[in-house]
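Participant: Right, I'll just put the structure down here and ask away after.
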Amino acid sequence: MTEALEADLRKILASQPVPIDVIDCQRNEEMSIIPVTKESICYIVAVILFNDAGQVLLVQEAKRQCYGMWYLPAGRLERNENFVDGAKREVKEEAGLECEVTSLISVLCIKATWMRFTFTGEITGGNLKTTAQADKESLQAQFYDLQDIYSRNVKLRATDIIPLLHQAEKYRGAASSVPLHPSLLPTIAPHSHVLQRPVIVAERAGDKRLYILASFTGAVHIPVIAVSLEEVSLLVSIFHILKKDLSNTPSWTVCGLLSVEHCGIVDSKHDGLCLTSLISYSVPADTELPKVNDSNFQWISLTDQDLVTEMHKRLSGYIVPLSLS
């Protein structure tokens, strides 16, 4: 049974799809509303690109409410589109450039129906959009020094991009030495609902072993939660399974994102996704692991030492940031 769970975990870390046969935590209303892109759910894609001089690409807004202000190439995912294709399209439409998307650098979930996926990548062609090419997408595109942006010398549409720029700058700077986190792109896999697959890991002080909460409903697997589109925060669904299954819940932390599965094809049938997050429990030395209330769940100790080593890296911060606000 440990071998099967470890095999799934290796696939997740390798950005390979892991089929979902059982949903462990759901209510009827969570399965009754189907996510439809641009109707019942909104996915935002944003892209941070640098030129050879280390300047970042910004576009000047054409929308009435933020006319003339600057922001990242960003926008809503379209129907029948995956995240990477959507990111490339936004860069082409708003900045006139072609790009290769190389990794996610941040995922923000404001609620179950609004999520922003921020990518970075490399410019591969095209021509920078000028004012002569202004349209409803943008007025123009330019490269700016990061310090000018940080010192507020550029009139931004919103300052929420500044932490993203810091993250992208660190990721870019670390690329030639020790990577900030692994390169991570969404895995193409169809889902009809919004799902969370939390990899819940217990770390006991002084114990090098890692324990993962596993579901034994059907074949042993990492627990899967169906998220209600009415949920105000994706943290609620994680808290629900933790409260339901564990009696004494010590301090726990959302460490980051291990994988994203999404398809976007065919329209309104596969507009859901599965977020696999890493949740860390801190357990004091010489203390029992949290008692499991539900007999369908139990802690499993990982036996593959290479996998344990890789998971320790992710737990220490080698992971794409995930914000479940």
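The values are calculated or read from the model by the stated rules, or taken from the named source; none is laboratory data. In this text, all values refer to a predicted model and were calculated from it rather than measured experimentally. When we count neighbours, we look across all protein chains shown, and the Cβ atoms used for this are built from the backbone with ideal geometry, even at glycine. Each accessible area value is taken on the protein alone, full model and side chains, heavy atoms only, with ligands, DNA and RNA left out. Shrake-Rupley method; radii C 1.70, N 1.55, O 1.52, S 1.80 Å.
Participant: Just to verify a result, which residue in the range 130-186, among those that are open to solvent by 70 Å² or more (accessible area, probe 1.4 Å) and among the hydrophobic types (A, V, I, L, M, F, W, C), is farthest from Cys109 (Cα to Cα)?
Facilitator: Ala132
Participant: If I ask for residues that are assigned to a helix (DSSP H, G or I), open to solvent by 20 Å² or more (accessible area, probe 1.4 Å), at pLDDT 95 or above and of a type outside the set (A, V, I, L, M, F, W, C), which ones from the range 1-30 would you list? Walk me through it before giving the result.
Facilitator: Taking the range 1-30 first, the residues assigned to a helix (DSSP H, G or I) are 2-13, 28-30.
Filter once more, so that each one left must be open to solvent by 20 Å² or more (accessible area, probe 1.4 Å): 2-4, 7-8, 10-11, 13, 28-29.
Imposing the further condition that a residue be at pLDDT 95 or above reduces the set to 7-8, 10-11, 13.
Result: Asp8, Arg10, Lys11.
Participant: Sticking with this structure for a sec: Going through the range 105-117 one residue at a time, which ones are open to solvent by less than 30 Å² (accessible area, probe 1.4 Å) and in a strand (DSSP E or B)?
Facilitator: Ile105, Ser106, Val107, Cys109, Met115, Arg116, Phe117
Participant: Is one or more of the residues making up the range 239-256 hydrophobic (A, V, I, L, M, F, W, C), closer than 17 Å to Leu195 by Cβ and under 17 Å from the mean Cα position of the chain (by Cα)? Can you show your working first?
Facilitator: Restricting attention to the range 239-256, the residues satisfying the condition of being hydrophobic (A, V, I, L, M, F, W, C) are 239, 241-242, 246, 252, 254-255.
Add one more test, that the residue is closer than 17 Å to Leu195 by Cβ, and what stays is 239, 241-242, 254.
Pick out the ones that are also under 17 Å from the mean Cα position of the chain (by Cα) and you get 254.
Yes, some residue in the range 239-256 is hydrophobic (A, V, I, L, M, F, W, C), closer than 17 Å to Leu195 by Cβ and under 17 Å from the mean Cα position of the chain (by Cα).
Participant: Of Ser237, Ser295, Ser323, which residue is at pLDDT 85 or above, closer than 30 Å to Arg79 by Cβ and either in contact with a Phe, Trp or Tyr (Cβ under 6 Å, 6 or more places away or on another chain) or of a type outside the set (Phe, Trp, Tyr) (or both)? Please lay out each step first, then the result.
Facilitator: Values: Ser237 fails: at pLDDT 85 or above; Ser295 fails: closer than 30 Å to Arg79 by Cβ.
Answer to the selection: Ser323.
Participant: Is it true that Arg204 is more than 17 Å from the chain's Cα centre (by Cα) and either open to solvent by less than 10 Å² (accessible area, probe 1.4 Å) or within 30 Å of Lys63 (Cβ to Cβ) (or both)? Steps first, please.
Facilitator: Values: more than 17 Å from the chain's Cα centre (by Cα): yes; either open to solvent by less than 10 Å² (accessible area, probe 1.4 Å) or within 30 Å of Lys63 (Cβ to Cβ) (or both): no.
Here the answer is no, as Arg204 does not meet what is asked.
Participant: Now, a different point. Which of the residues that make up the range 61-79 are more than 20 Å from the chain's Cα centre (by Cα) and either on the phi < 0 side of the Ramachandran plot or assigned to a strand (DSSP E or B) (or both)?
Facilitator: Residues of the range 61-79 more than 20 Å from the chain's Cα centre (by Cα): 61-71.
Those that are more than 20 Å from the chain's Cα centre (by Cα) and either on the phi < 0 side of the Ramachandran plot or assigned to a strand (DSSP E or B) (or both): Glu61, Ala62, Lys63, Arg64, Gln65, Cys66, Tyr67, Met69, Trp70, Tyr71.
Participant: Glu288 is checked against (1) of a type outside the set (Ser, Thr, Tyr); (2) out of contact with any strand residue (DSSP E or B) (no Cβ under 8 Å at 6 or more places or on another chain); (3) at pLDDT 95 or above and fails just one. What number does that condition carry?
Facilitator: Tallying (1) of a type outside the set (Ser, Thr, Tyr); (2) out of contact with any strand residue (DSSP E or B) (no Cβ under 8 Å at 6 or more places or on another chain); (3) at pLDDT 95 or above, Glu288 fails exactly one: (3).
Participant: Being over 21 Å from His181 (Cα atoms) and either at pLDDT 95 or above or in a helix (DSSP H, G or I) (or both) narrows it down to one of Thr159, Thr102, Thr120, so name that one. Working first, answer last.
Facilitator: On the way: Thr102 fails: over 21 Å from His181 (Cα atoms); Thr120 fails: over 21 Å from His181 (Cα atoms).
Step by step, each of Thr159, Thr102, Thr120 is checked, and only Thr159 is over 21 Å from His181 (Cα atoms) and either at pLDDT 95 or above or in a helix (DSSP H, G or I) (or both).
Participant: What do you reckon, is Ala219 surrounded by 19 or more Cβ atoms within 10 Å (Cβ to Cβ) and either in a loop (DSSP other than H, G, I, E, B) or touching a strand residue (DSSP E or B) at 6+ places or on another chain (Cβ under 7 Å) (or both)? Before the answer, list the steps.
Facilitator: Values: surrounded by 19 or more Cβ atoms within 10 Å (Cβ to Cβ): no; either in a loop (DSSP other than H, G, I, E, B) or touching a strand residue (DSSP E or B) at 6+ places or on another chain (Cβ under 7 Å) (or both): yes.
No; evaluated as a whole, the condition is false for this residue.
Participant: Within the range 81-94, is even one residue part of a loop (DSSP other than H, G, I, E, B), out of contact with any helix residue (DSSP H, G or I) (no Cβ under 9 Å at 6 or more places or on another chain) and either free of Cβ contacts under 8 Å to residues at least 24 places away in the same chain or open to solvent by 60 Å² or more (accessible area, probe 1.4 Å) (or both)?
Facilitator: From the range 81-94, those part of a loop (DSSP other than H, G, I, E, B) are 81-82; that's our starting set.
Next cut, out of contact with any helix residue (DSSP H, G or I) (no Cβ under 9 Å at 6 or more places or on another chain) only: 82.
Keeping just the survivors that are either free of Cβ contacts under 8 Å to residues at least 24 places away in the same chain or open to solvent by 60 Å² or more (accessible area, probe 1.4 Å) (or both) gives none.
No, the range 81-94 contains no residue that is part of a loop (DSSP other than H, G, I, E, B), out of contact with any helix residue (DSSP H, G or I) (no Cβ under 9 Å at 6 or more places or on another chain) and either free of Cβ contacts under 8 Å to residues at least 24 places away in the same chain or open to solvent by 60 Å² or more (accessible area, probe 1.4 Å) (or both).
Participant: I would also like to ask the following. Residues of the range 269-325 being touching a Pro at 6+ places or on another chain (Cβ under 7 Å), aliphatic (A, V, I, L, M) and either under 15 Å from Val199 (Cβ atoms) or not in a strand (DSSP E or B) (or both), which ones?
Facilitator: Listed by number, the list holds a single entry, Ile279.
Participant: Test Val45 against the criterion of being in contact with a Ser or Thr (Cβ under 7 Å, 6 or more places away or on another chain) and either touching a residue at least 12 places away in the same chain (Cβ under 8 Å) or surrounded by fewer than 19 Cβ atoms within 10 Å (Cβ to Cβ) (or both), and give yes or no.
Facilitator: no
Participant: Identify the single condition in (1) loosely packed, with under 15 Cβ neighbours inside 10 Å; (2) under 11 Å from Leu210 (Cα atoms); (3) among the β-branched types (Val, Ile, Thr) that Thr287 does not satisfy, given that it satisfies every other one.
Facilitator: Failing condition for Thr287: (2).
Participant: When the residues of the range 49-60 are narrowed to those that are in a strand (DSSP E or B) and out of contact with any Gly (no Cβ under 8 Å at 6 or more places or on another chain), which ends up nearest to Glu94 (Cα to Cα)?
Facilitator: Taking the range 49-60 first, the residues in a strand (DSSP E or B) are 50, 56-60.
Then keep just the ones that are out of contact with any Gly (no Cβ under 8 Å at 6 or more places or on another chain); that gives 50, 56-59.
Numbers: Phe50: 15, Val56: 14, Leu57: 11, Leu58: 9, Val59: 6 Å.
Ranking the candidates gives Val59 first.
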